[in-house]
Amino acid sequence: MIGALCSSPLSSAFAQTDTAAPDSRLPGLLRERAVLTRRYAEASAQRHSLFGNKPSKKDLQEVVDALQGIVDKDQQIVDILNETARRAQTTSVRLAATTTHLESTGRDDRNLTAQRLSELQNETENLRQREKANIARQRDLEADIKEVKEGQFVRDALIAGLCVLSVGLIVALSRRKPVPRARK
């Protein structure tokens, strides 16, 4: 009965050994402990004394040996659990470091992306300003060209008019009879 009480909390605590790693020795140790617990129960049930219903010295030694086996097996189980806890803690520390690194990298990437985006927005704004300036310059040049063409047209019209007038004067002068010149 004591063996059943001693083993029941540990058995329920280790009942979820299915989650242990496939190469873990824990399931085997728990099976061995269950065998030792049964051996203890059998040893404590034996009554070979001369006085009847009391255990003999040999019976008590078997009980002690069975209990010592259970204690030894429990120590092995505790050692494996401690090792597993250390590995889990190491893994946890590694995961925390990786998480910190990833968060830092993510933060750096976000900062770099934000900085690059800001640079691109500034560059886009500069290009828009240059484009507006180029459009204004192009309009000014088109206005200058139009003005020059209008000035050229007026000049060409004046030249043409003066040419026609000159031709007309030449024709008029040539039709006029020449006045004889007085000789001296």
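The values are calculated or read from the model by the stated rules, or taken from the named source; none is laboratory data. This is a predicted model, so every value here is computed, not measured. Please note: Cβ atoms are built from the backbone with ideal geometry, for glycine as well, and neighbour counts cover all protein chains shown. Please note that ligands, DNA and RNA were not included when accessible areas were found on the heavy atoms of the full protein model with its side chains. Shrake-Rupley method; radii C 1.70, N 1.55, O 1.52, S 1.80 Å.
Would you point out which residue out of ILE77, ILE70 is part of a helix (DSSP H, G or I), open to solvent by less than 90 Å² (accessible area, probe 1.4 Å) and touching a Ser or Thr at 6+ places or on another chain (Cβ under 9 Å)? Quick ask: steps written out before the conclusion?
Working: ILE77 fails: touching a Ser or Thr at 6+ places or on another chain (Cβ under 9 Å).
The unique qualifying residue is ILE70.
Looking only at the stretch 91-111, decide whether some residue is open to solvent by 60 Å² or more (accessible area, probe 1.4 Å), part of a helix (DSSP H, G or I), modelled with pLDDT under 85 and among the charged types (D, E, K, R).
no
Kindly indicate the residue of the stretch 18-67 that is of a type in the set (A, V, I, L, M, F, W, C) and farther than 30 Å from ALA85 by Cα and also modelled with the highest pLDDT among those meeting that condition.
VAL64
Given VAL164, VAL148, VAL93, VAL154, which one is under 30 Å from LEU26 (Cβ atoms) and without any contact (Cβ under 8 Å) to a residue 40 or more places away in the chain? Step through it out loud before you land on a result.
Values: VAL164 fails: under 30 Å from LEU26 (Cβ atoms); VAL148 fails: under 30 Å from LEU26 (Cβ atoms); VAL154 fails: under 30 Å from LEU26 (Cβ atoms).
On inspection, the qualifying residue turns out to be VAL93.
Check the stretch 68-78 and report whether any residue there is in contact with a helix residue (DSSP H, G or I) (Cβ under 8 Å, 6 or more places away or on another chain), among the aliphatic types (A, V, I, L, M) and at pLDDT below 90.
Initially, the stretch 68-78 is screened for residues in contact with a helix residue (DSSP H, G or I) (Cβ under 8 Å, 6 or more places away or on another chain), giving 69-70, 73-74, 76-77.
From what's left, among the aliphatic types (A, V, I, L, M): 70, 77.
Still in the running and at pLDDT below 90: none.
No; the residues of the stretch 68-78 include none that is in contact with a helix residue (DSSP H, G or I) (Cβ under 8 Å, 6 or more places away or on another chain), among the aliphatic types (A, V, I, L, M) and at pLDDT below 90.
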